[in-house]
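Worksheet: the structure to be examined is printed underneath.
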Amino acid sequence: MALPLVAVFLLTVFVVLPLSNLLLISISKPLIFFNGHAGGDGRRRRLPPSPRGLPLLGQLHLLGSLPHGALRSLSLAHGPVMLLRLGRVPTVVVSSAAGAEEVMRARDLAFASRPRSAMADRLLYDSRDVAFAPYGEYWRQARRVCALHLLSGRRVRSFRRVREQEGRRAGRPRRGRSRRRRAARPERAPHRVRQRRRVLSRVRRRERPRHVRRRPGREQVRKVLTDFQTLLGTQPVGELLPWLGWVDVVRRLQGKVRRTFEALDGLLDKMIDDYRRQPSNGDRRDFVDVLLDVRNHEKEHARTPPPLTTVMEWAMAELVTHPRAGRKLQDEIRAAIGSTTGSVVGEGHVAQLDYLKAVVKKTLRLHAPLALVVPREPPADAEILGYHIPVGTRVVINAWAIGRDTTTWEDAEEFVPERFSGSAVDFRGQHFELVPFGAGRRGCPGLGLAEASIEMALASLMYHFDWESAGGTGPSALDMTEMNGISVHIKSGLQLVAKPWIT
């Protein structure tokens, strides 16, 4: 069996966790709610308002296929803090900046723990993961290793060369296709858009292990990881509705989980052995090397940045749908770098591109990679904006709704990056009207790496190519309908035509 603490890190850094639909994951203790909740002194405490529910189901039927959107609509009718009963699971949904600040700053410690996730327990070595682990000594040690050894500012800067190399690679047309118009399909990880994936892959491991370099090995890894992602985002029906537990038996869920875990554990065993046989030098050390070094001294694990491929997908979609913003961004990038053949984007250039940073902020405001931030769970009775939150209640921050709150943002649905130009508002956890990566103790520790990777990849794509929709031009050329999944992505996929700017 793979070294559990190293293996659980590898699972999260090689696999994009389906964090956008975790509202239906991590079952907490069943509670019965009435119009009020009696405290220890017998007084009735004010619970958050609730929509009308159904017997047994509660409000589960109100979520639909896009829970983040349904929850936003419910919050407009019932308030920014509301109580839902999802089957037997009590859940409080927070949909305002003020509520998010109270949960993630003012009362951060009270809401620092996580509810248990059955799938995370089975697939992530009993939830030994910074994203899913309950608050306590193990989580503190894991977070410290992550901050000091894996995702510190120094470590992120050390991968600058990798990001710049992949930026240059993005500007080199594939052999035999240099002068042809090409349709890029990000959902299939094409040559251009998978640049960000290669960057993250290279900082996590220096190269593919020998057993996955050949195509059959790559296909096996791809299938196992796909199954892993699907299962981690699967909610066992019996945990929400115990009287329907037979549904999980019919669909053979336990067998699928066991086979997938065993296959992935075997792949991780081979990867760890490969690293042990081939120790790296100081210039080629990556995340796995660091983890193996600290294994005998500390408990280790880290959380991957959230599914950033979808951030790139939405950014490109918005820029193509709003060509004026796209041209303005290209003008800024090309003016800073120049038009000489062979010019490449460097991180020194990126640091000076104010409009690029505004575009990234605007994209994250409208399309948070974690539409519903990973749930929290108070280990004792708590309070949010004057409402009583009983112990064991799941608390979910709707980052998608907060980013579109009309009381905070003017023309909240519009893509206008200029409104972030010169603005001090950022997504680092200090401004709670913009929390795509969460905040506080349980905020994403990989934010720095995520930010650098997104900015470098977007700048490279917009510098080297002119883009248009494969379906034509104009605001209606792209279907921007959302679909829930690993993250909220474009339902029909993104199909763009890339035309080299400098050939």
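When the trypsin sites (Lys or Arg not before Pro) in region 375-439 are filtered for DSSP coil states and for at most 16 other beta-carbon atoms within 10 Å of their beta-carbon, the remaining sites are Arg428. In the structure shown, the pairs Lys270/Lys491; Lys361/Lys499; Lys223/Lys362; Lys223/Lys256; Lys223/Lys491 are assessed against 24 Å; a Cα-Cα span above that value is assigned to Lys270/Lys491; Lys361/Lys499; Lys223/Lys362.
Label Gln220 and Leu244 with points 7 Å out from Cα along Cα→Cβ: what is the distance between them in nm? Going from the Gln220 label point to the Leu244 one covers 3.8 nm. Charge tally around Pro55: other residues with Cβ under 13 Å, Lys/Arg +1 each, Asp/Glu -1 each, net +3. Spin-label model, Ser65 to Asp466: label points 7 Å out along the Cα-to-beta-carbon direction sit 3.6 nm apart. Figure legend: label point modelled 7 angstrom from the Cα of Arg46 along Cα→Cβ; residues of region 364-400 with amide N under 16 Å from it are 382-390.
For Ala382, nonlocal amide neighbours, meaning residues 5 or more places apart or on other chains whose placed amide H falls under 5 Å from its own, are Ile389, Val391.
The convex hull drawn around the Cα atoms of region 363-500, when projected onto a plane and averaged over every direction, covers 10.6 nm².
FYI, it's all coordinate maths here, none of it is from the lab. Because the structure is predicted, anything quoted here is derived from the model rather than measured. Neighbour counts run over all protein chains shown; Cβ positions are idealised from the backbone, glycine included.
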